[in-house]
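First the structure, in the form of structure tokens, and then the observations on it.
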Amino acid sequence: MREAFDRGKQRLARWCAEGFRPVPVGKWEWFLMRLFFAPVALHDFWDFHPFAYEKQPIPVGLAKIFDLTWLHEPWAYPAFVVVAILGLISYVAGRGLVISLPLLTLLHVLMRTYENSQGSIHHSHHMISLVLLAQAVVVVTFKVKEWRRKKAIEFPDGLSLRSYLLYYTQGTVAATYVIAALSKTINSKLMWVWNSPYVAFDFVKAQRQKYFKLLEPEFAGDTVAAEWVLSHPMLARIGFGGAFFLELLALVALKNRPWAFWTGLALIALHRGIFLIMHLRFYNSELVLLIFFLNLPYWIWRFTAGRKRVPGEALSAR
């Protein structure tokens with residue numbers, strides 16, 4: 001028994017040693033990621049009805065410290081959008097990131113904090129804030145190091161600032177799923193998987209909310225998914241348990257590019273399943289996973305022009 005444990009421990013150590021570090025990222029690859037993410041972020045800024053009320057009756061986050069009701073002034077939102085557009089142009093161009101990224105992060109956090117302080121808390125927009133925050137922290141951290149050393153940072157093994165931007169963006173996104181799984185574990189006192197069939201009541205709640213919001217007949221009938229879950233509790237535990245452990249182990253996406261791809265694809269499938277069953281949309285999360293985890297342009301390059309090259313060397317040279 002002890003020998004089997006030691007062998008398993010050694011294999012796990014070797015598996016971890018073979019990855020979990022930044023990889024070379026080409027200029028064209030990171031440019032496409034910025035280009036694809038910019039309209040996603042802009043869409044999140046460009047909301048014609050961002051705030052329902054002029055007050056913040058249930059303050060959260062920064063709203064507990066600062067009064068954010070000034071964001072309801074007629075000039076505030078248009079000004080935020082204009083500054084966001086300029087910041088995203090800087091972001092796509094790759095110039096002035098030490099200013100534009102922290103500014104974009106602050107604007108987005110303020111907007112969505114004020115929105116969540118008006119009585120209807122949701123996390124439809126947090127993924128955009130987190131991506132901006134992760135990249136802002138990386139850029140500012142390396143810039144401060146350069147200022148202190150008074151010279152450019154020398155990156156090892158063909159790596160670059162782009163490598164760390166992608167790595168910590170993926171890590172931040174994956175951590176949100178791990179935190180979600182840990183929250184379920186703590187709040188349920190380790191019983192979430194076993195109690196998961198009770199999620200059927202949330203299915204009913206979500207469908208009824210959809211009906212009263214849209215008054216569409218298709219949402220007025222029975223909730224088929226809820227009935228199936230309650231009729232097949234063990235199968236439901238297996239299915240929900242798989243989704244739970246997918247969230248809990250999401251950080252395996254940091255091992256290497258293939259693990260990032262398959263983890264991102266699985267998480268997108270999870271969101272698609274939630275949408276089909278509960279009609280809850282996670283478009284921002286799905287798009288972020290598509291851009292920074294699946295990274296389809298890289299794989300298209302890898303299996304066409306890059307097949308006969310060493311991926312790290314060829315990619316880092318561009």
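The values are calculated or read from the model by the stated rules, or taken from the named source; none is laboratory data. Predicted model, so just to flag it, every value in this text is computed and none were measured. As a convention, Cβ positions derive from the backbone with ideal geometry for all residues, glycine included, and neighbour counts pool all protein chains shown.
Checking the condition over 20 Å from residue 285 (Cβ atoms) and at pLDDT 95 or above, which residue from 142, 155, 201 passes?
Numbers: 155 fails: at pLDDT 95 or above; 201 fails: at pLDDT 95 or above.
Of 142, 155, 201, the one residue that is over 20 Å from residue 285 (Cβ atoms) and at pLDDT 95 or above is 142.
In segment 270-295, how many are in a helix (DSSP H, G or I), of a type in the set (Phe, Trp, Tyr) and under 14 Å from the mean Cα position of the chain (by Cα)? First the steps, then the outcome.
In the first step, residues of segment 270-295 are kept if they are in a helix (DSSP H, G or I); the result is 270-278, 283-294.
Pick out the ones that are also of a type in the set (Phe, Trp, Tyr) and you get 275, 283, 292-293.
Applying the additional criterion that residues be under 14 Å from the mean Cα position of the chain (by Cα) yields 283, 292-293.
Looking only at that region, the number is 3.
Please verify whether residue 193 is at negative phi, surrounded by fewer than 20 Cβ atoms within 10 Å (Cβ to Cβ), under 23 Å from the mean Cα position of the chain (by Cα) and assigned to a helix (DSSP H, G or I), treating the condition exactly as stated.
The answer is no for residue 193.
Take the residues in segment 46-69 that are within 26 Å of the chain's Cα centre (by Cα) and aromatic (Phe, Trp, Tyr), then tell me which one is surrounded by the most Cβ atoms within 10 Å (Cβ to Cβ).
If we take residues in segment 46-69 being within 26 Å of the chain's Cα centre (by Cα) and aromatic (Phe, Trp, Tyr), then 51 is surrounded by the most Cβ atoms within 10 Å (Cβ to Cβ).
Quick one: in segment 229-269, which of the residues that are charged (D, E, K, R) and assigned to a helix (DSSP H, G or I) is surrounded by the most Cβ atoms within 10 Å (Cβ to Cβ)? Break it down into steps so the answer makes sense when it comes.
Initially, segment 229-269 is screened for residues charged (D, E, K, R), giving 237, 247, 255, 257.
From what is left, the residues that are assigned to a helix (DSSP H, G or I) are 237, 247, 257.
Details: 237: 18, 247: 20, 257: 18.
This residue is 247.
Which condition number does residue 58 fail, the rest of (1) at pLDDT 95 or above; (2) under 15 Å from residue 114 (Cβ atoms) being met?
The single condition residue 58 does not satisfy is (1).
May I ask you to list the residues in segment 181-199 that are touching a Pro at 6+ places or on another chain (Cβ under 9 Å) and not hydroxyl-bearing (Ser, Thr, Tyr)?
The one that is touching a Pro at 6+ places or on another chain (Cβ under 9 Å) and not hydroxyl-bearing (Ser, Thr, Tyr): 197.
In segment 17-44, which residues are small (Gly, Ala, Ser), part of a loop (DSSP other than H, G, I, E, B) and surrounded by fewer than 20 Cβ atoms within 10 Å (Cβ to Cβ)?
Within segment 17-44, the first condition is being small (Gly, Ala, Ser), and the residues that meet it are 17, 19, 26, 38, 41.
From what's left, part of a loop (DSSP other than H, G, I, E, B): 19, 26.
Hit for segment 17-44 is 19, nothing else.
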